[in-house]
Amino acid sequence: YILIYEKKISSLKDLLPLLEKVAKQDVREYRIWLDGLGRLKPASVKHILSDLRSLLNWAVDCDLLDRSPFPRNVMPKLQQQQPKRLSDEEAKLVMSLPEPYGFIARLGIGTGLRWGELTRVQSTDIQDGQLVVQHKTKSGKVRRVPLSRELQQEVRFRVGKLVPLNDPSGFARQVRRLTGIY
């Protein structure tokens with residue numbers, strides 16, 4: 001793998017004999033070597049090993065190898081991190097943006113819906129002061145989300161899809177640009 005990275009192997013013909021020699025122990029030693037460098041974070045080691053695993057799986061898919069020598073339990077365990085959240089001041093700033101960004105933020109923060117759920121919500125999904133999420137939820141179950149009085153008033157005269165945007169990265173980019181929050 002290092003030879004490919006350093007461009008000492010230029011063709012598949014050069015790579016095949018080396019791939020056939022790779023064993024589980026070689027991958028384990030490679031992991032130890034990467035850890036021993038001391039300058040790579042665990043996430044970087046995981047990305048490098050993931051690339052190697054993909055290369056070996058590709059070789060199996062192309063019938064260049066009978067089976068992948070990538071061993072189990074060789075990937076580093078990464079510490080789970082708390083999701084980053086907006087401070088109360090940042091949330092107020094985002095919710096005060098002009099249409100459609102402020103409304104989308106108020107609806108998202110007020111309901112806790114995921115982006116995919118937000119983009120599918122219709123005005124007809126509001127029943128008796130609740131937002132009934134019944135289409136393509138992550139769990140597949142119908143959810144009833146109570147709406148605040150303010151959101152009920154804001155949604156009352158809307159027709160059709162409540163969120164006119166589909167691209168979450170475009171929305172986030174525009175909100176960052178308008179607020180300066182990164």
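The values are calculated or read from the model by the stated rules, or taken from the named source; none is laboratory data. Everything quoted here is computed from the prediction, not taken from an experiment. FYI the Cβ positions are ideal-geometry reconstructions off the backbone, even for glycines, and counts take in every protein chain you see. For the accessible areas, the whole protein counts, side chains as well, though only heavy atoms, and no ligand, DNA or RNA atoms are used. Shrake-Rupley method; radii C 1.70, N 1.55, O 1.52, S 1.80 Å.
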Top-ranked residue in the stretch 1-36 [being at pLDDT below 85 and hydroxyl-bearing (Ser, Thr, Tyr); ranked as nearest to LEU49 (Cα to Cα)]: TYR1
Got a number for residues in the stretch 88-99 being surrounded by 15 or more Cβ atoms within 10 Å (Cβ to Cβ) and within 24 Å of the chain's Cα centre (by Cα)? 3
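What about ARG85, is it under 17 Å from LEU165 (Cβ atoms) and under 23 Å from the mean Cα position of the chain (by Cα)? Quick ask: steps written out before the conclusion?
On the way: under 17 Å from LEU165 (Cβ atoms): no; under 23 Å from the mean Cα position of the chain (by Cα): yes.
It is false that ARG85 is under 17 Å from LEU165 (Cβ atoms) and under 23 Å from the mean Cα position of the chain (by Cα).
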Meets criteria (β-branched (Val, Ile, Thr), open to solvent by less than 50 Å² (accessible area, probe 1.4 Å) and either touching a residue at least 60 places away in the same chain (Cβ under 8 Å) or in contact with a Ser or Thr (Cβ under 9 Å, 6 or more places away or on another chain) (or both)) for VAL133: yes
State all residues of the stretch 116-158 that are in contact with a strand residue (DSSP E or B) (Cβ under 6 Å, 6 or more places away or on another chain), assigned to a strand (DSSP E or B) and over 15 Å from PHE103 (Cβ atoms); if no residue qualifies, say none. GLN130, VAL132, VAL133, ARG143, ARG144, VAL145, PRO146
How many of the residues in the stretch 30-47 are surrounded by fewer than 15 Cβ atoms within 10 Å (Cβ to Cβ), touching a residue at least 12 places away in the same chain (Cβ under 8 Å) and either of a type in the set (Asp, Glu) or closer than 22 Å to LEU18 by Cβ (or both)? 1
Only residues that are in contact (Cβ under 8 Å) with a residue 24 or more places away in the chain and part of a loop (DSSP other than H, G, I, E, B): list them for the stretch 159-178, please. VAL159, GLY160, LEU162, VAL163, PRO164, LEU165, ASN166
Out of the residues in the stretch 89-102 that are touching a residue at least 60 places away in the same chain (Cβ under 8 Å) and assigned to a helix (DSSP H, G or I), state the one that is nearest to VAL133 (Cα to Cα). TYR101
When only residues in the stretch 136-155 that are touching a helix residue (DSSP H, G or I) at 6+ places or on another chain (Cβ under 9 Å) and exposed (fewer than 12 other Cβ atoms within 10 Å of the Cβ) count, which is modelled with the highest pLDDT? GLU150
Which of the following residues is within 20 Å of PRO168 (Cβ to Cβ), part of a loop (DSSP other than H, G, I, E, B) and open to solvent by 30 Å² or more (accessible area, probe 1.4 Å): ARG85, ARG106? ARG85
